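Here the structure is laid out as structure tokens; the discussion comes afterwards.
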Amino acid sequence: MSTETIEAPVAKESEALLSKRRKKFITDPLNDDNPITVQVLGICSALAVTTQMKPTMVMALSVIFVMIFSNLIISLLRNAIPGRVRIIVQLAIVATLVTLVNEVLKAYAFDIYKQLSVFIGLIITNCIVMGRLEAFALGNKPYDSVLDGLGSGLGYSWIILAVAFFRELWGSGKVFGYDLMGAIGFESFAANGLMVSPVGAFVVLGFIIWVQRSKTGYVEH
Amino acid sequence: MQSNRYIIIFSLVLTAVLGGLLSGVSQVLGPTQKKAQDLDTKKQILGAIPAEKEALADMDAEAILARYAEVISSQVSDFQGNLVDTNEKGGRMIAEEVSIEKNYKKSIEDRMYPVFKYSANGNEAYILPVYGAGLWDAIWGFVAVNPDLKSVKGVSFDHKGETPGLGARITSDEIQARYRGKSLYDDNGNFVAITMVKGEKTPEDRLGPNKVDGLAGATLTANGVNDMLLNYINYYQKYFDKHVRGGAMTLNNQ
């Protein structure tokens with residue numbers, strides 16, 4: 001008589017909503033794999049919109065929205081999208097989402113729409129969005145893709161907000177339009193014209209990359 | 001690998017779904033967008049008057065529309081200075097609905113020229129739309145001219161795509177305040193408009209009555225503003241000759 005025992009099949013535990021693996025989708029792009037400072041993508045919009053905090057904030061929220069939903073839609077359709085036309089399908093979906101953002105801003109935040117509409121349109125060509133669709137959403141499940149979109153969006157956002165903070169502060173002495181330099185007693189603060197030009201964005205971005213890489217020890221190979 | 005048939009059907013379905021979604025959203029948001037645009041135009045017209053501009057910041061949409069209806073009256077003139085009452089569709093001509101952008105594509109003689117008259121507490125001004133080309137795209141604005149038709153009460157400028165922090169500064173209060181009280185005519189009585197000089201931080205005594213300080217780093221946008229003012233205000237001369245300099249200030253509420 002066989003003494004073998006048969007192991008009862010154990011039901012595969014479903015992964016926690018924010019497991020260690022999933023947390024990395026959000027935390028990696030914030031620092032170690034940041035889309036702007038490490039992958040050096042999305043630089044054009046980082047230079048163009050970051051003169052002031054307010055439009056930068058709207059741009060950041062718009063990019064996060066577009067990234068999350070384009071990742072979600074592409075992931076849901078990943079088995080149906082024909083491989084030969086996948087790029088044009090991705091573009092069509094991103095362009096639709098961007099147009100939606102633009103239309104909503106036009107209806108409910110007309111002032112910001114006027115300031116940002118050119119740049120919102122440019123989200124379509126933001127390499128970070130297309131990059132994540134191609135590298136992640138086409139091969140992963142919807143929930144993971146949403147987290148990946150959120151992580152990359154946040155990684156992009158914190159960098160452009162940091163750049164905008166320094167550019168607005170040094171360029172005009174203000175933060176979110178509030179006269180910070182005046183409030184802390186520097187009434188004769190001389191605005192630095194370099195900071196409002198795109199060159200200023202390069203300088204600030206360069207400093208952020210320098211500080212970040214000296215801390216993480218990241219080296220380009 | 002999917003068949004060509006599958007790819008074509010997938011593409012058609014995707015196009016139909018996305019196109020339907022966008023047209024639906026456009027239909028739903030259309031009226032709200034039109035209201036937002038209308039409010040924005042009225043804010044810009046009122047904003048050409050410095051005292052009104054300060055008050056605008058604390059007003060909600062309804063208050064702005066009520067204030068506009070109270071202090072602004074408008075009419076539309078053609079290039080010859082004749083008043084125009086009916087629009088192309090045969091309806092009543094409404095000055096606020098005249099698209100300066102569309103008119104700009106027509107020849108100068110065929111354009112419509114709206115005039116907005118501001119009148120509050122004894123203060124009066126003619127607010128004129130102006131339109132031109134900046135460095136990257138269109139620029140436009142409203143210039144409030146005092147009833148003497150010689151000096152400027154205030155301006156409000158806007159743009160489509162000038163560089164943030166450089167040319168886009170024409171929308172800032174600081175830049176627009178420079179135009180207040182400046183003269184459109186030189187000492188000999190010739191129409192010269194107001195010119196923005198090259199370079200910034202020029203002392204006021206070197207600027208004189210026909211010049212304002214420049215935009216550092218945005219000389220080409222400044223040139224666009226100069227051309228816009230010189231050309232567009234000039235187009236209103238026949239209107240002023242007929243209806244204002246002739247004596248009767250005939251602007252009626254429409």
Contacts under 6 angstrom Cβ, first residue in the range B:66-77 being of a type in the set (Gly, Ala, Ser), partner open to solvent by 10 Å² or more (accessible area, probe 1.4 Å) and part of a strand (DSSP E or B), 6 or more apart: B:Ser73/B:Lys117; B:Ser77/B:Leu83
Among the residues of the range B:196-225, write down those that are surrounded by 19 or more Cβ atoms within 10 Å (Cβ to Cβ), more than 11 Å from B:Arg178 (Cα to Cα) and at pLDDT below 90. B:Leu215, B:Ala218
Within the range A:31-42, take every residue that is surrounded by 17 or more Cβ atoms within 10 Å (Cβ to Cβ) and among the aliphatic types (A, V, I, L, M) and give me the one that is nearest to the other protein chains (Cβ to nearest Cβ). A:Ile36
Can you tell me which residue among B:Ala144, B:Ala125 is touching a Gly at 6+ places or on another chain (Cβ under 7 Å), more than 13 Å from chain A (Cβ to nearest Cβ) and touching a residue at least 12 places away in the same chain (Cβ under 8 Å)? B:Ala144
Any strands (runs of 3 or more DSSP E) falling wholly within the range B:103-175 and containing at least 2 residues that are within 20 Å of B:Lys242 (Cβ to Cβ) and either open to solvent by 60 Å² or more (accessible area, probe 1.4 Å) or of a type in the set (A, V, I, L, M, F, W, C) (or both): B:113-120, B:123-133, B:138-145
Given (1) without any contact (Cβ under 8 Å) to a residue 12 or more places away in the chain; (2) closer than 16 Å to B:Gln237 by Cα, index of the condition B:Asn87 fails: (2)
Taking the range A:104-146 and the residues there that are at pLDDT 90 or above and more than 30 Å from A:Glu15 (Cα to Cα), the one that is most open to solvent (accessible area, probe 1.4 Å) would be A:Tyr108
Scanning the range A:45-99 for residues that are at the interface with chain B (Cβ under 9 Å from one of its Cβ atoms) and in a helix (DSSP H, G or I) gives A:Ala48, A:Pro55, A:Gly83, A:Arg84, A:Val85, A:Ile88, A:Val89, A:Ala92, A:Ile93, A:Ala95, A:Thr96, A:Thr99
Could you list all residues from the range A:106-145 that are under 30 Å from B:Ile170 (Cβ atoms) and either aliphatic (A, V, I, L, M) or away from chain B (no Cβ under 14 Å) (or both)? A:Ala107, A:Ala109, A:Ile112, A:Leu116, A:Val118, A:Ile120, A:Leu122, A:Ile123, A:Ile124, A:Thr125, A:Asn126
Look through the range A:57-90, keep the residues that are closer than 17 Å to A:Tyr143 by Cβ and among the β-branched types (Val, Ile, Thr), and return whichever of them is most open to solvent (accessible area, probe 1.4 Å). A:Ile73
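This table checks each residue for (1) part of a loop (DSSP other than H, G, I, E, B); (2) more than 14 Å from every other protein chain (Cβ to nearest Cβ); (3) open to solvent by 60 Å² or more (accessible area, probe 1.4 Å); (4) under 23 Å from B:Val145 (Cα atoms).
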site: B:Phe10; (1), (2), (3), (4): no, no, no, no
site: B:Leu21; (1), (2), (3), (4): no, no, yes, no
site: B:Thr32; (1), (2), (3), (4): no, no, no, no
site: B:Asp40; (1), (2), (3), (4): no, no, no, yes
site: B:Lys43; (1), (2), (3), (4): no, no, yes, yes
site: B:Asp58; (1), (2), (3), (4): yes, yes, yes, no
site: B:Ala69; (1), (2), (3), (4): no, yes, yes, yes
site: B:Glu88; (1), (2), (3), (4): yes, yes, yes, no
Selection from the range A:168-221 of residues in a loop (DSSP other than H, G, I, E, B), among the aromatic types (Phe, Trp, Tyr) and surrounded by 14 or more Cβ atoms within 10 Å (Cβ to Cβ) yields A:Phe189, A:Tyr218
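Taking the range B:169-204, which residues are touching a residue at least 40 places away in the same chain (Cβ under 8 Å) and within 14 Å of another protein chain (Cβ to nearest Cβ)?
First pass over the range B:169-204, keeping only residues touching a residue at least 40 places away in the same chain (Cβ under 8 Å): B:169-170, B:173, B:175, B:177, B:180, B:184, B:191, B:193-194.
Listed by number, the residues that qualify are B:Arg169, B:Ile170, B:Asp173, B:Ile175.
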Just wondering, is there one or more residues in the range A:13-24 that are open to solvent by 30 Å² or more (accessible area, probe 1.4 Å), under 17 Å from the mean Cα position of the chain (by Cα) and modelled with pLDDT of 90 or more? no
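Being over 18 Å from the mean Cα position of the chain (by Cα), modelled with pLDDT of 90 or more and on the phi < 0 side of the Ramachandran plot: is that true of A:Lys215 here?
no
The values are calculated or read from the model by the stated rules, or taken from the named source; none is laboratory data. Being a predicted model, the structure only gives us computed values, none of them experimental. Note: ideal-geometry Cβ built from the backbone for every residue, glycine included; neighbour counts use all protein chains shown. We work out accessible area using only protein heavy atoms, side chains counted, and drop any ligands, DNA or RNA first. Shrake-Rupley method; radii C 1.70, N 1.55, O 1.52, S 1.80 Å.
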